[in-house]
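Q: Structure below; questions to follow.
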Amino acid sequence: MSEKTTARGALVTGGAQGIGRAIAERFLQDGMAVLIADADPEACEEAISTLSRIGHAAAAVCDVSKEEDVTQAVSSAVDAFGRLDVLVCNAGIGFSGVPVTELTLDEWQRVINVNLTGCFLCAKHGAPHLHNTRGCIITIASTRAMQSEPHTESYSASKGGITALTHALAVSLGPEIRVNCISPGWIETRAWQKRKKQTEPELTAADHAQHPAGRVGDPRDVAALAAFLASGEAEFITGQNFIVDGGMTRKMIYVE
Ligand code: NAD
């Protein structure tokens, strides 16, 4: 029999590592109960041993591109906490960087399925529970939804899709459920990986200096905004996309 809680319950996809893990930590520090839903069982195990020391944490191994995994993860959160108040659709994968003329349909579909369809599936199955608690959804896109390097078509398209999905959901699911998006820029996550994947960040002075804010981002920068958007302070904010990039997308760049 699982322990029920009166604390607000959150589900964070991709919560075992990187930005998702920082969001899970922050939510626990703020007194929420948190279930991390992540495709990597080893990372889940490591994360849960740390997160459980902060508060009421649970984990579900889940591939967000699979509908049965998502329904299972949502049920696990509701079973564990008795309620779902906040859903963070953070799980995402990157791009291989091959030119579009060589990009296979399989790779294109894999990126869209995890990054974009995963958000749809989580929203679809989380919404009935969030409706009951007047909860909220936070999606995680990227500044790559707005600007590109060459050979990033699948990733950029998936992230642009997330920003559009966000306002569509906000209009469909309001007023009971608020839906907002965070678009991070360069966030250094190497210290937030499972032990096997952890490496020392090798950031140069130039990496930091090129940001108008003077440094590369930290997963806790994204978590701080997620905490605000999940709070009652944000109850008049929905359908929006918030950029957390140290000002990089506001900087004009000309080759000298
Ligand atoms: P990360 O690789 O550090 O962590 C991602 C987590 O998602 C991992 O634990 C991984 O196991 C999990 N995951 C991957 N595929 C999954 C799936 N199918 N189902 C469930 N879990 C899955 O990544 P990150 O850098 O923390 O990125 C988190 C989100 O932020 C992603 O959506 C990413 O696109 C976005 N983002 C990151 C940055 C950045 O600079 N780090 C910038 C912009 C946007």
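The values are calculated or read from the model by the stated rules, or taken from the named source; none is laboratory data. All values derive from a computational prediction rather than experimental measurement. Heads up, the Cβs are rebuilt from the backbone with ideal geometry, glycines too, and the neighbour counts pull from every protein chain shown. The accessibility values were calculated without ligands, DNA or RNA, using every heavy atom of the protein model including side chains. Shrake-Rupley method; radii C 1.70, N 1.55, O 1.52, S 1.80 Å.
Q: Within the range 167-194, how many residues are within 13 Å of the ligand (Cβ to nearest atom), in a helix (DSSP H, G or I) and in contact (Cβ under 8 Å) with a residue 60 or more places away in the chain?
A: First pass over the range 167-194, keeping only residues within 13 Å of the ligand (Cβ to nearest atom): 181-194.
Then drop every residue that is not in a helix (DSSP H, G or I), which leaves 190-192.
Imposing the further condition that a residue be in contact (Cβ under 8 Å) with a residue 60 or more places away in the chain reduces the set to 192.
Within the range 167-194, residues that are within 13 Å of the ligand (Cβ to nearest atom), in a helix (DSSP H, G or I) and in contact (Cβ under 8 Å) with a residue 60 or more places away in the chain number 1.
This table checks each residue for (1) farther than 20 Å from Ala24 by Cα; (2) in contact with a His (Cβ under 6 Å, 6 or more places away or on another chain); (3) modelled with pLDDT under 95; (4) surrounded by fewer than 19 Cβ atoms within 10 Å (Cβ to Cβ).
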| site | (1), (2), (3), (4) |
| --- | --- |
| Gly94 | yes, no, no, yes |
| Pro99 | yes, yes, no, yes |
| Val111 | yes, no, no, no |
| Cys122 | no, no, no, no |
| Ala127 | no, no, no, no |
| Leu130 | no, no, no, no |
| Ile137 | no, no, no, no |
| Ser142 | no, no, no, no |
| Met146 | yes, no, no, yes |
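Q: Which residues, counting only those in the range 189-222, are under 22 Å from the mean Cα position of the chain (by Cα) and within 11 Å of Gly246 (Cβ to Cβ)?
A: Arg215, Val216, Gly217, Asp218, Asp221
Q: Before we move on, is Thr249 in a helix (DSSP H, G or I), open to solvent by 30 Å² or more (accessible area, probe 1.4 Å) and in contact with a Ser or Thr (Cβ under 7 Å, 6 or more places away or on another chain)? Show your work before the answer.
A: Numbers: in a helix (DSSP H, G or I): yes; open to solvent by 30 Å² or more (accessible area, probe 1.4 Å): yes; in contact with a Ser or Thr (Cβ under 7 Å, 6 or more places away or on another chain): yes.
It is true that Thr249 is in a helix (DSSP H, G or I), open to solvent by 30 Å² or more (accessible area, probe 1.4 Å) and in contact with a Ser or Thr (Cβ under 7 Å, 6 or more places away or on another chain).
Q: Might you check whether a residue that is among the basic types (Lys, Arg), on the phi > 0 side of the Ramachandran plot and more than 15 Å from the ligand (Cβ to nearest atom) occurs anywhere in the range 134-150? Steps first, answer last, please.
A: Kept after step one, since they are among the basic types (Lys, Arg), are these residues of the range 134-150: 134, 144.
Filter once more, keeping what is on the phi > 0 side of the Ramachandran plot: 134.
Next cut, more than 15 Å from the ligand (Cβ to nearest atom) only: 134.
Yes, some residue in the range 134-150 is among the basic types (Lys, Arg), on the phi > 0 side of the Ramachandran plot and more than 15 Å from the ligand (Cβ to nearest atom).
Q: Answer yes or no: is there a residue in the range 62-80 that is of a type outside the set (Asp, Glu), more than 9 Å from the ligand (Cβ to nearest atom), open to solvent by 10 Å² or more (accessible area, probe 1.4 Å) and more than 22 Å from Ala123 (Cβ to Cβ).
A: No, the range 62-80 contains no residue that is of a type outside the set (Asp, Glu), more than 9 Å from the ligand (Cβ to nearest atom), open to solvent by 10 Å² or more (accessible area, probe 1.4 Å) and more than 22 Å from Ala123 (Cβ to Cβ).
Q: Right, something else. State all residues of the range 42-57 that are of a type outside the set (Gly, Ala, Ser) and away from the ligand (no atom under 15 Å from the Cβ); if no residue qualifies, say none.
A: Initially, the range 42-57 is screened for residues of a type outside the set (Gly, Ala, Ser), giving 42, 44-46, 48, 50-51, 53-54, 56.
Selection gives Arg53, Ile54, His56.
Q: Quick check: anything in the range 195-205 open to solvent by less than 30 Å² (accessible area, probe 1.4 Å), over 15 Å from Gly18 (Cβ atoms) and among the β-branched types (Val, Ile, Thr)?
A: Residues of the range 195-205 open to solvent by less than 30 Å² (accessible area, probe 1.4 Å): none.
Checked the range 195-205: no residue is open to solvent by less than 30 Å² (accessible area, probe 1.4 Å), over 15 Å from Gly18 (Cβ atoms) and among the β-branched types (Val, Ile, Thr).
Q: Now for a separate question. Taking the residues in the range 19-54 that are surrounded by fewer than 23 Cβ atoms within 10 Å (Cβ to Cβ) and among the small types (Gly, Ala, Ser) as candidates, determine which candidate is farthest from Gly135 (Cα to Cα).
A: This residue is Ser49.
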